[in-house]
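This report concerns only the one structure given below.
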Amino acid sequence: MIKDQKLIARIEKGIDDFDKQEALKERVLRNAFVQNQHIDEDTAIIRVTLLNTFYSTRLNNTESESKTIDVKTMALRIVAKPELESMLHSKNAEERIAAFRYIATGSDEDIKRYNAAWSFASKYCSFCNAADFPIMDSYARAALCDLNDKYSFYDQKITPAKLEDYNTFCTVHKRFLESLPNRPNGEQYTHKLVDKYLWYSKKYGL
């Protein structure tokens, strides 16, 4: 258990500052991601466009010859798998990860055509089911490595490159979460709360 009260204070400040700065965007995204077992094209493209804009997931805004997938194609990929929403909320971890990988890579033809959209996929999955999908991006990977160097909550050395594997990233994220005491208000930390701190700490040097 991590007992560094200065770290806890920084985590609480990061969460509080994130909420103050990002409240409107988060509310709009939560409304867009209200659970719906069968989303249509309109809903999908709203979700993908908002997420790409607010969270800088770096999808292309228009179709092109680029290896980076565009928002319309990503939305159609999501709609093309009607069972995706139920997979994202499955109690089976393998099924959830299969949904994540599908969003990131798509079909065999997509894999040949586009680069994998791992960061976008983790953010999309998180807004569908934050309890099981931590957000993976460069800020989160770097922050977790720095924290593990200092607090050794994970039983081996990690690097940002190792954390590009989402299963490994989820394991490390969970270990950090489980190493924290309850919040000062008595509540437990969640993946979503840790996500807020990791992003804010790296972006603003908290």
For this session: Distance check, please: which entries in Lys6/Lys91; Lys25/Lys203; Lys6/Lys202; Lys67/Lys150 exceed 28 angstrom between their Cα atoms?
Result: Lys6/Lys91; Lys67/Lys150
Problem set entry | Charge dipole (the stretch 125-206, unit charges on Cβ, about Cα centre) - positive-most of Gly186, Gly205, Cys170 | Gly205
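Order Arg175, Arg47, Arg30 by their accessible area, 1.4 angstrom probe, all chains in place, largest first. Show your work: numbers first, answer last.
On the way: Arg175 85, Arg47 0, Arg30 135 Å².
The ordering from most to least exposed comes out as Arg30, Arg175, Arg47.
Given a 1.4 angstrom probe, I'd like the percentage of the accessible area of the chain that is carbon and sulfur, rounded to a whole number.
Details: 5250 of 10770 Å².
Percent of accessible area from carbon and sulfur atoms in the chain: 49.
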Exercise. If the cut-off is a Cα-Cα distance under 16 Å, which aspartates and glutamates reach Lys192, setting aside same-chain residues fewer than 8 apart in sequence?
Worked result: Glu12, Asp16, Asp17, Asp19, Glu22, Glu26, Asp132, Asp137, Glu178
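Given the -39500 (n - 2.57) contribution per DSSP H run of 4+ residues, what per-residue ellipticity at 222 nm results for the chain, rounded to the nearest 500 deg cm²/dmol?
So the calculated ellipticity at 222 nm is -19500 deg cm²/dmol.
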Exercise. Among Ala98, Gln156, Thr62, whose Cα lies farthest out toward the positive end of the dipole of the chain, if unit charges sit on the beta carbon of Lys, Arg (+1) and Asp, Glu (-1)?
Worked result: Gln156
Exercise. When we measure straight from the Cα of Lys72, which lysines land under 20 angstrom away, once same-chain ones fewer than 8 places off are left out?
Worked result: Lys81, Lys112, Lys123
Exercise. If you plug each phi of the stretch 15-26 into the Karplus form 6.51 cos²θ - 1.76 cosθ + 1.60 with θ = phi - 60°, what whole-Hz ³J(HN,Hα) values come out, in order, with x for Gly and Pro?
Worked result: 5, 5, 5, 4, 4, 5, 7, 10, 4, 5, 4, 5
Seminar exercise, completed: At the level of C-alpha centres, the distance separating the stretch 1-76 and the stretch 190-206, in angstrom, is 14 Å
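Given a cut-off of under 8 Å on Cα pairs at least six residues apart, what relative contact order in percent is computed for the chain?
On the way: 235 pairs, mean separation 47.9, N = 206.
Reported as a whole number, the value is 23 percent.
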For this session: Quote the charge dipole size of the chain about the Cα centre in Debye, to the nearest 20; the model charges only the Cβ of Lys and Arg (+1) and of Asp and Glu (-1).
Result: 640 debye
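The values are calculated or read from the model by the stated rules, or taken from the named source; none is laboratory data. Nothing here was measured: the structure is a model prediction, and the numbers come from that model. Here Cβ is always computed from backbone atoms with ideal geometry, including for glycine, and neighbour counts include all displayed protein chains. Heavy atoms of the whole protein, side chains included, go into the accessibility calculation; ligands, DNA and RNA do not. Shrake-Rupley method; radii C 1.70, N 1.55, O 1.52, S 1.80 Å.
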